[in-house]
Every structure is written in structure tokens, then in C-alpha cells.
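Take a look at the structure below.
What follows is calculated from the coordinates using simple rules that are stated; it is not laboratory data. These numbers come from a predicted model, not from an experiment. Cβ: placed from backbone, ideal geometry, glycine included. Neighbour counts: every protein chain shown.
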Amino acid sequence: MNSILSAVGLSKSYGGAPALSNVSLEIPAGGTVGLLGPNGSGKSTFIKLAMGLLQPTAGSIFIDGKRPGVETKRITAYLPDANFLTEWMTVGQMMDYCADFFADFSKEKARAMLARLSIGEKQRIRTLSKGNKEKVSLILTMARNAKLYILDEPIAGVDPAARDYILDTVFSNRAPGSTVILCTHLIYDVQNVLTQAVFLYQGTVALNADVAALCEKEGKPLDEIFKEMFRWSPNY
């Protein structure tokens, strides 16, 4: 199996409290993977380890066969769960900034997505609404021709119409053959686009399965399976 991401015995603790415990999994190239779980299950910690923003307490994680670093960041487009835009810049300056950092950034693709929202390149980030800032962040991420897109809670806190826009933007603009990892606890909204589901719970892998095969076996949609697994979780 050609894996775009793999983890072996991956663990991370904060002050002795485990956030991830002995996580081992393979994510094949070319699919759409849901990294799913209740709040506090370790999803964001896993992503930050993949991006090299944290170092593991034990175990290893690899992107396209390499440990997180400069080489993996060249092929990975990352949308964090916090605003990364520079408030004093214009939208066009943010595009220039991204183009300077990433050789695979396409201004043409970014402009096409911005045009759909009627957002001009001369608009300053600070003048945009919260919703449009989130959409610009997504556009800047999806304007890259990456091998791997990692999106941390891209639909949390937005209305249903915005969720539809976000998912449409992701799947209309991903590079051919790329892999998308969607980190979310909103299973119902993403289940129809997922090929693989990884359920995390209390820092461990509770389930890792092909979505179509799992739903056929259980005879129910993914969100119902998720609810049954985590019904008694205090964070769900």
C-alpha cells in the first residue's frame, strides 16, 4: 500500500498527561480521510505532530515516507484551527506571501475562488467578516497543488451554507491524486465525502476503517456508528 501518512507507536504527553497513546495507522494516498472524534480526543495533537509543530514523546510519524520537516511541508497544505492571516495585509499581499513560501501556490486558482465570493485583492484582511476570513484562509490553503491537504476543523463554528461552500471548495480545487485529511467532530456533514474514517478517543485509535465497507457491514451511516461508539463520552 502506498501510504501518504503513517504513524508507528505515536505518543504525546503534556506534563505527564497523555494526549496520544501508542497510535499506529496508515493513510493511503489519494483518498479523503476523516480524522474523527469527540473534543479532546487527540485530533489536533496528531495533526500538529504531522506538521512538525510538536515533537512526539514516543514513536514516529512520517509524511510520504519522511519525518516532518522542510521536505514534508513542501508537499503538505495545512489549514490550522486558528486564524493565520495577517490583519494589516491586503488579500493580494497574503497571496504574494503564500506564493513566496510555497512553489506550488497558484495565484490563478486563488483568484478564481476569490471571484466566487466577490472578495477583491485590495481588501485588507482586517475589514473582512469572520466568515470571509475563514474562507480566505481555506482558499489560500486549497490554492496549493499539494500531495496532502490537512484541514483542522474547517467547518466548526460556521453555518450550514458555509459548510457546503467549504466542502465544495475543498473538493473542486484539490490537486489530482492528492489526499485530504479532514479533522472534525461534525460527522454528519462530511460522511458522504470520506473514503476512510479514523476514530480517535482519549488519545487512542478506536476505529480505522474503509467507510463504504464499514457502513455496509453495520447497515447504518457513519454518524450513527460514531454516535453509538461515543454516546457516553462527556465531550460529545
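Residues whose amide H falls under 5 Å from that of L5, counting only those 5 or more places apart or on a different chain, are I27, D64, with hydrogens built in the peptide plane.
Taking 0.36 nm per intervening residue step and subtracting the Cα-Cα distance, what contour gain separates T204 from K227 on full extension? Each step should come with its number before you reach the end.
Numbers: separation 23, 0.36 × 23 = 8.28 nm, distance 1.72 nm.
Residue separation times 0.36 nm, minus the Cα-Cα distance, leaves 6.6 nm.
Just checking the listed ones, F102, F46, F199: in the Gaussian network model of the chain with Cα springs under 10 Å, the one fluctuating most is F102. Note on the chain: GNM, Cα springs under 10 Å; of G37, G16, G131, the largest mean-square fluctuation is that of G16.
For the stretch 35-190, what does the relative contact order come out to in percent, with C-alpha contacts under 8 Å and a separation of six or more? Display every interim value, and only then the final one.
Values: 204 pairs, mean separation 44.1, N = 156.
28 percent.
Sequence-distant contacts, meaning Cα pairs under 8 Å at least 6 residues apart, place the relative contact order of the stretch 105-236 at 19 percent.
When the chain is treated as a GNM with alpha-carbon contacts under 10 Å, the residue of Y188, Y149, Y14 showing the greatest mean-square fluctuation is Y14.
Shape verdict for the stretch 3-43, please, from the Cα gyration tensor: rounded (a/c under 1.5), prolate (a/b greater than b/c) or oblate. Kindly include the intermediate steps, with their values, before the conclusion.
On the way: a/c = 3.89, a/b = 1.66, b/c = 2.35.
Taking the square roots of the gyration eigenvalues as a ≥ b ≥ c, the stretch 3-43 is oblate.
Across the stretch 89-140, the mean sequence separation of Cα contacts (distance under 8 Å, 6 or more residues apart), normalised by length, yields a relative contact order of 51 percent.
Report the Cα centroid-to-centroid distance between the stretch 36-110 and the stretch 204-224 in angstrom, as an integer. A separation of 28 Å, based on Cα centres.
Bridges between two residues of the chain, per DSSP, are antiparallel at a rate of about 55%.
Between Y97 and E71, the simple label model (points 7 Å from Cα in the Cβ direction) yields a spacing of 2.9 nm.
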